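Accompanying notes for the structure given below.
The values are calculated or read from the model by the stated rules, or taken from the named source; none is laboratory data. Note that this is a predicted model, so its numbers are computed, not measured. All Cβ positions, even for glycine, are placed from backbone atoms using ideal geometry, and neighbour counts span all protein chains on display. Heavy atoms of the whole protein, side chains included, go into the accessibility calculation; ligands, DNA and RNA do not. Shrake-Rupley method; radii C 1.70, N 1.55, O 1.52, S 1.80 Å.
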Amino acid sequence: MIKFRRFSCKFLTITSLILHVGGPILVSSKCICESQEEDRKTSDALKYKLVAMASILVASSLGVCLPYLVKKTFLHPEKDIYFLIKAFAAGVILATGFIHVLPDAFESLTSPCIGGNPWGKFPFTGFVAMVSAIGTMMMEAFATGYQKRSELRKAQPVNAEEESDGAHVHGPAFVSERSNSSDLIRHRIISQVLELGILVHSVVIGVSLGASESPKTIKPLIAALSFHQFFEGIGLGGCISQAKFKHRTVAIMILFFSLTTPAGIAVGIGISNVYKENSPTALIVQGILLSGSAGILIYMALVDLLAPDFMNPKMLTNFRLQIGANFTLLLGACFMSLLALGDSN
């Protein structure tokens with residue numbers, strides 16, 4: 001009887017140790033797909049969401065309008081500081097794609113809450129980002145090619161008289177005008193596609209923030225997203241100012257950028273009772289949208305913003321300007337990357 005009691009005591013002790021040590025491992029290895037109920041103070045969360053809407057609206061508006069406010073002093077294309085500011089803005093956009101958007105897309109599309117094929121068997125995040133970048137390049141090439149062909153058809157003389165007159169018209173000034181027109185078209189395409197990628201990202205983060213009911217999650221994101229939208233706005237505003245749109249178009253693009261994230265937060269508040277951030281549908285839609293946005297932002301930053309300026313003859317012949325542009329590029333990328341620390345808290 002004594003032996004049996006000793007055995008039972010040892011058995012219970014070993015069993016309790018296994019449950020104590022192995023229990024958390026078994027729980028942590030499973031997907032916690034249900035929304036956590038702790039720390040959900042709806043009234044406090046709503047208060048922070050309203051503060052976030054106001055803060056992000058002000059930061060976005062200030063950032064996207066800043067290139068216009070300083071345009072006459074700093075952003076003249078002939079000044080060296082113009083290249084430095086553009087490099088900083090490009091670094092911000094590049095870091096947004098690599099550090100903020102792409103990791104979130106990976107997290108969504110590789111979540112164990114999705115489960116099953118094909119999401120667990122194929123790297124959809126990289127695939128969608130790649131297709132998005134290729135699609136952006138193709139769209140930009142086709143649009144620019146169409147515009148150039150239209151200009152060539154308009155420039156061709158119809159008869160001999162126009163051809164003789166054209167000898168005087170189609171001189172260096174005409175070639176320069178066509179070149180400036182092509183650059184303007186290119187800048188307009190760049191700014192529109194870039195804003196599209198930014199808006200998709202802004203909608204996703206806005207809805208995610210608005211649907212959250214945890215004050216601990218929302219509070220650190222207010223400052224992080226405000227700075228995020230401010231720097232992103234500087235990059236977009238610089239591109240819009242180069243495109244030389246009409247005032248009405250500029251106003252529309254600025255309004256869209258400034259209002260998208262607050263509007264996304266409002267939508268998130270409205271669907272917070274039915275939105276489940278860990279549901280398979282929400283994760284898949286969010287992951288695909290973020291992947292596409294990352295592809296657009298990375299392509300635009302590297303190909304359309306950095307490559308033309310870094311290969312510009314003015315920069316290639318000025319070593320100090322080269323060093324300065326590389327430094328501001330890294331500075332913008334580092335600033336935006338550091339904001340990821342606030343997003344993760």
Label-point separation, ILE252 to THR110 (7 Å along Cα→Cβ), nm: 4.0
Accessible area per residue in Å² at 1.4 Å probe, computed on region 231-282: 49
Percent carbon-and-sulfur accessible area, region 188-345, ignoring ligands, DNA and RNA, probe 1.4 Å: 71
Mean Cβ neighbour count within 10 Å, used as a protection proxy, ranking 144-150, 194-200, 108-114 highest first: 194-200, 108-114, 144-150
J(HN,Hα) series, region 291-306, from Karplus relation 6.51 cos²θ - 1.76 cosθ + 1.60, nearest Hz, glycine and proline x: 5, x, 4, 4, x, 5, 5, 5, 4, 4, 5, 6, 8, 9, 9, 7
For peptides 204-213, 98-107, 312-321, sequence by mean Cβ density within 10 Å, most packed first: 204-213, 98-107, 312-321
LEU46 versus LEU338: modelled label distance in nm, points set 7 Å from Cα along the beta carbon direction: 3.7
Förster radius 22 Å - calculated FRET efficiency between GLU151 and LYS244, Cβ distance, rounded to 0.05: 0.80
Estimated vicinal HN-Hα couplings, Hz - region 200-205 in sequence order (Karplus 6.51, -1.76, 1.60; Gly, Pro = x): 4, 4, 5, 4, 5, 5
Relative packing of 120-126, 79-85, which averages over residues the other C-beta atoms within 10 Å, highest first: 79-85, 120-126
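Taking a threshold of 21 Å on the Cα-Cα distance, which of the pairs LYS154/LYS246; LYS148/LYS244; LYS79/LYS246 fall above it?
The pairs that break the limit, which is 21 Å between Cα atoms, are LYS154/LYS246; LYS79/LYS246.
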